[in-house]
Every structure is written in structure tokens, then in C-alpha cells.
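What follows is a single structure, written as C-alpha cells, with notes after it.
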Amino acid sequence: MTATALEPTVAAKPAEGRVRRVLRRHPKIVIGGTILLLIALVAIFAPYLATVDPQKVSPARRMRWPQELYWFGTDMMGRDVWSRTLYGTRVSLVVGIGAAALATVGGLALGLITGFIRWADAILMRIMDGLMSIPAVLLAIALMAITQASIQNVIIAIAIAELPRVTRLVRGVVLSLREQPFVEAATAAGTGLAMTMIRHILPNTVAPLLVQGTYVCASAMITEAILSFIGAGTPPIIPSWGNIMSEARSIFQVGWYIVVFPSVFLSITVLSVNLLGDGMRDALDPRLARRM
Amino acid sequence: MTAPLLEIDDLRLHFYTRDGVVRAVDGVTYHVKAGETLAVVGESGCGKSVTAQSVLRLVPSPPGRYVSGQIRFQGRNLLDLDMAEMRKLRGAEISMIFQEPMTSLNPVLTVGRQIGETLVLHQGMDQKAAEARAVEMLKLVGIPEPERRVREYPHQLSGGMRQRVMIAMALACNPKLLIADEPTTALDVTIQAQILDLMRELKSRVGAAIILITHDLGVVAEMAERVVVMYAGRKVEEASVDDLFARPRHPYTLGLMGSIPHLGSSLVHNAPPRLAEIQGVVPSLREEIPGCAFAPRCGFATERCGRERPEIEELAPGHFAACFEAERVAAQFAEAAS
Amino acid sequence: MNAQAPIEAGPLLEVKDLKKHYPVRKGVLQRVVGQVYAVDGISFTVGHGETLGLVGESGCGKSTAGKSIMKLIEPTSGEINVAGKRIDNLSRGEMQSVRRQVQFVFQDPYSSLNPRMSAGDIVAEPLRNFGVAVRSEVRDRVAEIFAKVGLRREQMDRFPHEFSGGQRQRIGIARALALHPHLIICDEPVSALDVSVQAQVINLLMDLQQEFRLSYLFIAHDLAVVEHISHRVAVMYLGKIVEIADKRDLFGRAQHPYTEALLSAVPVPNPRAKSQRMILKGDVPSPIRPPSGCRFHTRCPYAVERCKAEEPKIREIAPGHHVACHLRGPDA
């Protein structure tokens, strides 16, 4: 370790510096990010990578084992699992990112309110405690049960289920920042409440939110798969990983490959998102700790 | 003359970080005789704590690495010992008290257990005997109702009490050397006075040598017999406490003395005299400093000081300084004093 | 008073019977079971161009007092006047006008600067809040203030972590100076700094006082520093001021036993001056249950029966020298 550290790090030009240095120090970001980028490319170019129309039913070619043209085999309706899995990437990413964005924005707003307004804190946090006492998946199932199955609703349901955790995080950050002398110093310098929030509180919540966002994203992807698997999520006509697995549930013994491929994709995607999150936490947290 | 209890000989401890090499300790030599109190003075980052931590081998490695030097305790080089041998020394022969008593005590163990632990470990006492000794130690460090306090947890004690407990822990096995790293910095003045008083009294009773690390010249004057002044990882001056305060020979020592306001100065001076500032900031230890580390901030510096590193020299019996201009420094101090 | 503090009509800051009590809550229902008497009725004044030192050990309430004056902490009761205008009953909005006159320098130069703002933006913040300078002028104004505190213009775009502790404290002082206040409350401004840097900051504060005729309320625990910078000094113990006097009277003829003990506890940087020392027994009692009578009686070597029962009033025992002790003064 010392040997590598002795090498030309010192000589590195500052211009080349910052981004590359951060990346070199945090390989998790590089690995997670690269895999995720590949997966995103797969999602975007799914129509070109797919060998067969994913929705095309061909009863003649049911339950084929992986082979040429049907890389991942076919399911009991003769649909191509490879093409369906590629398209499933789209659902997973959209739901993951959508839910993470929604939960983050909502959680940020609620966290700021609860962190600053006493009476709102008492009410909102009890509601959040209530939500948190129900497992996220159950809550999402319940929310899906009262609405129609659509990707949009899946995103909303998952976001609501994740909201309490994000709110708690932001509230915690706000409460600890409020006690920071530099916030007190802002008051002493005559800065108003709204301006204090924008100038001093908000920028300092970005780093932890970003990290939390990736975790929400990963967990949303899993929740989406679970919802689809039990038939309470993405409409069955859309090829999502959960749907593919769900459909193959009854023929698992003969067609286990149908379940394996989407689940491997799901695992890799979730893993890469988590890696990215861990890397960002490592990169952002020590700095936060040192500077605050 | 017998060999000193502890000899640190040309110790170089560098930290290899991703941003480069930090020369935290850059060729430091000092010794402590049995029963003596040596003060090591300097500002934060001068390497005074790291040097002392090296004695107990508490510096994590990596990133720390001993580039050269020896630390001889009773003739044995501590840097050659393995961790098991080191553990036998720690707490038994050499012990340490830290600045922040709250963080260096375990919050979930009673005071008695913590004091007893070292005794069980090093002297093979059983729990019961260890507890009895813990009570005795608490009595020794002046904690009222030791029988009750021994069952309490650190958070139930005040800051001053905790520091007393730390001292009791450190002295439980009758060590030969006690390293006190800023032991009173976190305490209030009246409590500091109590703790310093206690340390002085215990020293005369227990007879351990003390390395007292501090930034407070007042504490130095009060406690030490000999003083080592450190700057930027190097020793710049060493002298007996009387000599150092009477005739400082290094400009950094001189600067430190001039920059602190003295109690009672308003009774002597009409208007407060301007404090002598040391201009500029401490140099970065990441870059190699070819000459004297203090030269950029020094009023006495010549061109030679920036180029050539001054060796530490004995300028008077027992009085060492690493400065080319030591005579001018001493002369100016004498002039200012008269 | 002191020759350096010319007398104007009335003091700049006048604090009368300031109190700050914190409720202590316990149990599930958060019932109030007691009060922390952090500041318990203190009165003092700070004149124009004068420095009042406020000393005491940790937990004596000196910082709370300083923050209460600026209403960074809402005081429980008491009257605060700045330049003859009462401010303790002002709302947060109304306090704005006062904040132009009274500024604050914090102890910790690390946490009192927002790590995500540049040094220039930090100093510009008060200017922007009060619209003092037009947008285009702000940078020049900040540069001017930077020069005053010994920072360079090109350092404006750097971030706090790129500065050393002493430089950061200069940024904090620059921020306080930006609005040209009359009074700056300095809460332990040098205690987090290294000795050699302390001197730089103390000299800077004294130079600025000369130049702008500033008044300081200088809160610190280091008696030598307070003696150096102050004109008058007040000593606090457990939420009360026990002695307040011109610094020469206080450091030369300390009257209160606590002041005496504090002074004798300071280690003197002179190995030949091994003085006999008055070492106080025990610790500072809890401000939740302060001792009856004189709060110092539990540790006071001279305490008599009366001290336990009756709380001493603060009285003027010599011109400008006020002491709260039964045993001192003309009738003792």
C-alpha cells in the first residue's frame, strides 16, 4: 500500500486532478457506475439488442432451452426471454430512478419542514412513524391494491413507502445543522430564516441525500420486482423482471432458466446501484465529517 | 552515569498518505532519566504527541512508518518488539494519560473494573484483589468516597474526577514511565491546579518518570525539570527549565514566550504592551524543508538558514539548540529582559 | 475609568438582571422537573470603545450570557439596552436593526464557517442581508475588510478548509466587522488557536478597536488574555457575577475569594516564581441545584454560617469595584 502511495501522486497536475483523483480513490464508484452505465445503455438500446419482439407469442417454440437466436430460451408462450429481459431493464431503471427521485424530493421537503417547524414536526413525524411501522413492501402492496396497476402508480406507491426513511434522514441532518455554529453565525449576521435554509442548510443536505437516493433506488427496484412477482405491480403485459419470474413460477422445475436470467440481471443492477451508493458515501462522508 | 530510562534516538516517523509523505517526526532525539519530569512543548502538529505515542507504539501503521531511529526503554529498542511483548509493557512499565478523559474511558465499564483490568492483566491479580487495589488507587488520587465511586460509571463523574481516575489507572501497576499528553488542557483552571498538584504529589510518592506533553508554558514552568521544545517535527531546543526560561536560545522559544500575555502585566505596564507575534503559519510537513523549519517565520533568519539545516548543538552545559543565530537570540533576550 | 475608554453619554451596552433558565424535563410526559440556572441575574455595562472581559470556568454561564444579549438564545428575563434603546423585547424581525450594531465572533473557527461557502461569500453575507452595498460593490467592500483583518484579496474565493485556524478566525472577525458594528461580542475567540496564533488575533482585535473605536464584550477563560485585552473585568461563577472591577483593581486587589482562587490557579510561566497556591476543593456544583446562600460557599476556604444561608448582594466596595461577598467590603 505504501509502495503505491509513494508513486507519482504528488506530481499529478491539479487540472487533471479532482474528478480523476476521486475516482481513483473510490473504485466502488467506478465499478458501480460502469455497470450501471452498461445497464442503462442496454435499456436504451433494447430494441436493437433484442433478437425477437419480446411480446411475440409463438406457441410452436414454447419452452426452448437457451440456443442461438433465443439466447435465454423461450417461455411457455414461446416468447423470447432474452428480449423480454432486456426490455425489463427499462422498467426496473425507470421505477428505481423515478421512485428515488420522488422520495428524495418529497423527503427533502418534509424533512426541512419537520426540522424547522416544531408543531409540524410533532404531527408529521407521528405519521411517518406510523408508515414506518408497516414494512415497505406491504405498504406498497396495500397502495397498489387501491389503485390501478401502472408503472406510474408503482413508482408512487414505492416512493410513499420509502418516504419516511428519507424524511427522517433529512430531519436528522437539519436538526444537527441547526445546532452548528455557522448557522448561529448566520443569524447573528442578520440572515433571515428562509435565506438560512437556502444558503446554509440545503447545500449541506445534498451529499447524504444523494447517497440515500441510491439506496432508495436499489430498494425500489427490488420492491418493484416483488410487486410484479405477486401480481400487484407493473401490468402483466409489460415485460418487467418481476413479471417474467412470476409467469415462470409454475413451471420452475422444467424452465428454471426463465427465472434465473431476469433475477441475475436484477441482482447485478441492484448490486451496481449499491456499489455506487457506497462509493459516494465513502467519497462524501469523510469530507463532511472533517469539514463540519 | 547510569543510562537514562528512555532514550529516543534520531526518530523519524513519516506518514505515507495518498497526498504525499507527511514528515510528522523528523529526526527527534531526547531522553528521560528515571524519576525525572520532562516537558515536551510545541504547538499542534509539531509532532510532540506522535513522538510520545511512538513510545507505546500506538501510531497506526500504515500509514505511519518508522523511517529511522530507535526508542530504547531500559536498554531495549521498543521498535524491535513484537506486539505481544509491547502489550506486556503497556500499562505495566509505561502508561499514558490522555487529554480527553471522557473518550479514553470505556463508558460501559465501572471505574473499578477499568482500573482492575490492568492489574488482572499484568499482575495476575484476581478480581477481588484488583477491586480492593482500585479502591486504594482512587483514595491515592484523592477521590472522596472511593468505595462508592469504584462502582460508578465514567459519565457519573465530573471532568476533574475522570482525569483522576485516568491517573489512578495509569499508576495502578507502578509504572516506571508515565506519558501525560496534555493532561489538563480540557480542564478548568481551578481543576487544572488540583490535577497538577496531584501529579506533583504522586510523583514524589510513586517516583515514576513523567513525559509531560503540553503547549502551556505555565504548566511547563510549574511541573518540569527539563524541557524539549519541538517545531515542525524537529527538536529545536532542550534545556533545564530554569535555563530555558532564563536564557532561551532558539528564536521559536523566544517567540512563544513573547506571544503569551502574562498574568499581572497590567500592574506593571500602563498600557498593555503589544504581544510579540510569530508571523505566518506553521509549514506544511508534506514538503521537505531543506533548511531550518522555522526560518520563514524567524526574525533572525539569514540566507544560510533557508539553505542548511542547523544541527542541534550543546551551547552551554545541558542546553541544546538548533540555531545558527543562537547567540544573537540569547543576546536579544538578555537585552529585552534588562 | 481607563484612559483609553473615553466617556460618552451613557454606556453602549447595559445589561440589567439578565436571566436564562433552561427547563429540565424528565419522563415520558416531559414534565419540567427543575431549572438549569445558566445565567441567574447578572448586570453590567460596556462603555463606548471599552472592552469588558467576562471570565469564568466552563458552565458558569458566560457564553450563554453573550448569546442571550444577541438573542441567539432567548433570555428568560432581564433588560438589555444598546445605545440607550431597549432590545430584549424585540421580535426576530426587529432585532435586525440591532444586529447591525452588535456582532458576534465565535469560539470555534472551524464549525462557525459554512464549509460550502467561499471566504468572500461568508464575509459578504451580512452586507447582502442588509443591502449595504450594491451588488457590484460587494466584492470591493469585502476586499477592503479582508485587508483590514490581514487577509489577501485573492483569498476571497478560497473555501474555509483551505485556511489555517488563525486565518479562519480572521474570516470570522471580518464577517463581524462587515457592518461596522459598535459592539462585538467575542466568545472565546482565541481559545481554539495555537499560542503563537493567539497573539496575532489578540493584536488584531486590539488594533481594530483603536481604528474603529469598537467596544468588546470579551468572553474567555484565560485570565492572562483577558487581563491583556480588557479595560474592565467581570468574574462569573455559577450564573452570577461575583466581582466586577477595573482590571488593575481586579488583578491587583482581587476581593472575592473565587477571583483570588482563580488567579492563584493560573500556572505562571516562570519557574522561579513558585508561589504558594490556593487550591480549591471539589468541583463546581451543578447549576440545576445551585448551593443555597452564596453559591461559592461549598468551595470557599473562608465561608462562615452566614454564607450558607444568605445570598450576598453585589455591592460597590471601592469606586468601580463591585463584589458579591459577605466577608468583603466596609461593613465586613
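List of remarks:
- Pairwise Cα inverse-distance average, inverted: Kirkwood Rh of the range B:250-337 (Å): 14.7
- Shape of the range B:159-212, Cα gyration tensor, a/c cut at 1.5: prolate
- Trypsin sites (Lys or Arg not before Pro) restricted to DSSP loop in the range B:221-323 with at most 13 other C-beta within 10 Å: B:274, B:286
- Choice from A:135, A:181, A:164 with maximal GNM fluctuation in chain A (Cα, 10 Å cutoff): A:181
- Against the rule of thumb 2.2 N^0.38 Å, how large the Cα Rg of the range C:114-176 comes out: 1.00
- Karplus (6.51, -1.76, 1.60) ³J(HN,Hα), θ = phi - 60°, over the range B:330-338, in Hz, Gly and Pro reported as x: 4, 5, 5, 5, 4, 5, 5, 6, 8
- Whole-Å distance, taken between Cα centres, linking the range A:189-240 and the range B:35-68: 46
- Under 5 Å between amide hydrogens, built in the peptide plane, is the criterion, and for residue C:242 it picks out C:235, C:236, C:237 among residues at least 5 positions away or on other chains.
- Where GluC sites (Glu not before Pro) in DSSP loops with at most 12 other Cβ within 10 Å are excluded, longest remaining stretch of chain A: A:180-292
- Degrees between helix B:111-123 axis and first principal axis of chain B (Cα, 0 to 90, nearest 10): 90
- Cα convex hull volume per residue for chain C (Å³): 167
- Amide H contacts under 5 Å for residue A:52, placed H, 5+ residues apart: A:83
- Cα centroid separation, the range C:33-84 to the range B:266-296 (Å): 34
- Exposure proxy ranking for A:119, A:82, A:241, based on other Cβ atoms within 10 angstrom of each Cβ and starting from the fewest, stands as A:119, A:82, A:241.
- Put the Cα centre of the range A:14-66 next to the Cα centre of the range C:200-238 and the gap is 64 Å.
- Karplus-derived 3J(HN,Hα) values for the range A:169-177, using 6.51 cos²θ - 1.76 cosθ + 1.60 with θ = phi - 60°, are 4, 4, 4, x, 4, 4, 4, 6, 5 Hz; glycine and proline are entered as x.
- Relative intensity, log₁₀ I(q)/I(0), of the protein assembly as shown from a Debye sum that treats every alpha carbon as a point, q = 0.09 Å⁻¹: -1.14
- Too-long pairs where the Cα-Cα distance tops 20 Å, listed order kept, from C:26/C:281; B:176/C:281; B:88/B:203; C:19/C:240: C:26/C:281; B:176/C:281; B:88/B:203
- Evaluating 6.51 cos²θ - 1.76 cosθ + 1.60 at θ = phi - 60° for every residue in the range C:123-129, the Karplus couplings come out as 6, 6, 3, x, 4, 5, 4 Hz, glycine and proline recorded as x.
- Percent of Cα pairs exceeding the 18 Å cut-off, where the set is the range B:1-100: 47
- Distances between placed amide hydrogens fall under 5 Å for residue A:72 paired with A:67, A:81, A:82, all partners being 5 or more residues away or on another chain.
- For the options B:154, B:251, B:272, a Gaussian network treatment of chain B with springs between C-alpha atoms closer than 10 Å singles out B:272 as fluctuating the most.
Rule-based calculations on the coordinates, nothing more; no lab input. Nothing here was measured: the structure is a model prediction, and the numbers come from that model. Please note: Cβ atoms are built from the backbone with ideal geometry, for glycine as well, and neighbour counts cover all protein chains shown.
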